[in-house]
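To start, the structure itself, in structure tokens.
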Amino acid sequence: MYGFEYSKAASAEAAAQSLKDDEDAKVLAGGMTFIPTLKARLAMPTQVIDLNSLPELSGITVTADTVRIGAMTRHAHVAADADVKAAIPALAYLAGNIGDPMVRNRGTIGGSVANADPAACYPSAILGLGATVHTTERDIDGDSFFTEMFETALQEGELIKAVTFKRPDAAAYMKFPNPASRYAMVGVFLSKGSDGIRVGVTGAAPYAFRFAAAETALNADFSTQALENVTIDPDMLNTDMHATAAYRASLVLTMTKRAVDACL
Ligand SMILES: Cc1cc2nc3c(=O)[nH]c(=O)nc-3n(C[C@H](O)[C@H](O)[C@H](O)COP(=O)(O)OP(=O)(O)OC[C@H]3O[C@@H](n4cnc5c(N)ncnc54)[C@H](O)[C@@H]3O)c2cc1C
């Protein structure tokens with residue numbers, strides 16, 4: 001680990017200002033990704049600003065139409081929250097199947113969404129539920145949040161404060177986990193609500209995407225049979241040591257069918 005200055009954030013806005021003043025400063029959330037990155041000397045920040053001192057960034061608010069989750073809310077909190085379980089059970093299920101107990105007890109939704117790992121679970125729910133990402137600067141439509149592998153619409157010095165998910169009529173998250181890390185080899189978050197069908201896919205491509213062909217077919221006929229003639233181009237998917245693009249294409253369709261079954 002390289003040396004750096006450590007400080008506790010006084011507020012989200014103050015932390016964001018510090019990032020604007022020093023382009024080599026970084027914020028720390030759960031540390032599940034950031035600390036190993038520091039230990040491996042893959043990052044050399046001048047300052048590390050700890051968001052764990054800001055309880056106002058934590059917590060869950062459920063209304064008739066939405067579920068709002070503060071950026072510093074741990075995955076274990078989302079998984080166990082009775083109001084989330086009642087409002088969007090698939091979201092609580094997603095959080096409860098992230099990594100292992102250590103990761104769920106430390107990792108946060110803000111860190112996960114900002115990090116935009118191509119195999120992370122929450123990005124599929126952001127797209128699959130039509131979420132909004134609230135930052136220190138603005139509200140960002142979830143559909144335009146993930147832009148490249150590990151890249152998002154966040155600008156320099158912009159911090160995530162919370163994420164608001166729309167409550168669907170029905171939803172399901174189906175994940176084919178990597179057996180070692182539990183990250184998604186492929187994860188599909190499907191919802192049925194006032195906007196029609198939304199299908200968010202993670203793990204398959206460089207960044208999470210909406211499966212438009214499946215949404216069109218399912219809006220016409222919400223059944224697994226409607227997906228029989230739907231295909232996905234493997235050329236847009238990842239091949240790595242865990243799976244080929246062709247295998248991931250097959251998994252995307254299988255997980256989408258399982259999600260439809262679960263909703264029905
Ligand atoms: C063994 C293991 C297994 C895992 N399995 C899964 C899995 O199955 N599914 C899954 O989805 N994830 C998985 N993860 C990822 C984990 O859930 C965390 O979400 C992830 O590590 C980042 O969250 P964090 O709170 O730890 O953020 P940190 O590691 O503290 O930060 C990550 C990055 O985000 C930035 N950041 C943090 N908070 C904010 C904010 N509010 N605004 C702007 N930028 C911010 C930091 O500066 C840093 O660059 C796994 C991680 C590990 C180590």
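The values are calculated or read from the model by the stated rules, or taken from the named source; none is laboratory data. What you are looking at is a predicted structure, and each value in this text was computed from that prediction instead of being measured. We place every Cβ from the backbone using ideal geometry, glycine too, and count neighbours over all the protein chains shown.
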**Prompt:** Tell me, which residue of segment 53-66 that is touching a strand residue (DSSP E or B) at 6+ places or on another chain (Cβ under 7 Å) and at pLDDT 95 or above is farthest from the ligand (Cβ to nearest atom)?
**Reply:** Asp65
**Fill in**
Scanning segment 30-60 residue by residue, the ones that are surrounded by 14 or more Cβ atoms within 10 Å (Cβ to Cβ) and assigned to a helix (DSSP H, G or I) total 8
**Complete:** Those residues of segment 227-264 that are farther than 19 Å from Ala90 by Cα, among the acidic types (Asp, Glu) and not in a loop (DSSP other than H, G, I, E, B) come to a total of 1
**Request:** Quick one: Val27 ticks every box in (1) in contact (Cβ under 8 Å) with a residue 24 or more places away in the chain; (2) within 12 Å of the ligand (Cβ to nearest atom); (3) assigned to a helix (DSSP H, G or I) except a single one, so which number is it?
**Result:** (3)
**Message:** Looking at (1) more than 12 Å from the ligand (Cβ to nearest atom); (2) in a loop (DSSP other than H, G, I, E, B), which one does Thr147 not meet, given that it meets all the others?
**Reply:** (2)
**Complete:** Subset of segment 159-179, residues in contact with a Lys or Arg (Cβ under 6 Å, 6 or more places away or on another chain) and within 16 Å of the ligand (Cβ to nearest atom), comes to Ala162, Thr164, Met174
**Request:** Within segment 61-102, work out how many residues are among the small types (Gly, Ala, Ser), under 18 Å from Ala114 (Cβ atoms) and not in a loop (DSSP other than H, G, I, E, B).
**Result:** 2
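Yes/no matrix, rows are residues, columns are (1) within 16 Å of the ligand (Cβ to nearest atom); (2) over 20 Å from the mean Cα position of the chain (by Cα); (3) crowded, with 21+ Cβ neighbours inside 10 Å:
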| position | (1), (2), (3) |
| --- | --- |
| Leu154 | yes, no, no |
| Tyr183 | yes, no, no |
| Arg198 | no, no, yes |
| Gly203 | yes, no, yes |
| Ala208 | yes, no, yes |
| Ala212 | no, no, no |
| Asn219 | no, yes, no |
**Fill in**
Within segment 74-133, of all residues that are surrounded by 24 or more Cβ atoms within 10 Å (Cβ to Cβ) and of a type in the set (S, T, N, Q), the one farthest from the ligand (Cβ to nearest atom) is Ser124
**Asked** Which residue pairs have Cβ atoms under 9 Å apart, sit 6 or more places apart or on different chains, and have a first residue in segment 202-223 that is at positive phi and a second that is part of a helix (DSSP H, G or I)?
**Response** Gly203/Ser124; Gly203/Arg248; Gly203/Leu251; Gly203/Val252
**Prompt:** List the pairs whose first member sits in segment 97-108 and is touching a residue at least 40 places away in the same chain (Cβ under 8 Å), whose second member is within 6 Å of the ligand (Cβ to nearest atom) and charged (D, E, K, R), and whose Cβ atoms are under 6 Å apart, counting only residues at least 6 apart or on separate chains?
**Reply:** Gly99/Arg182
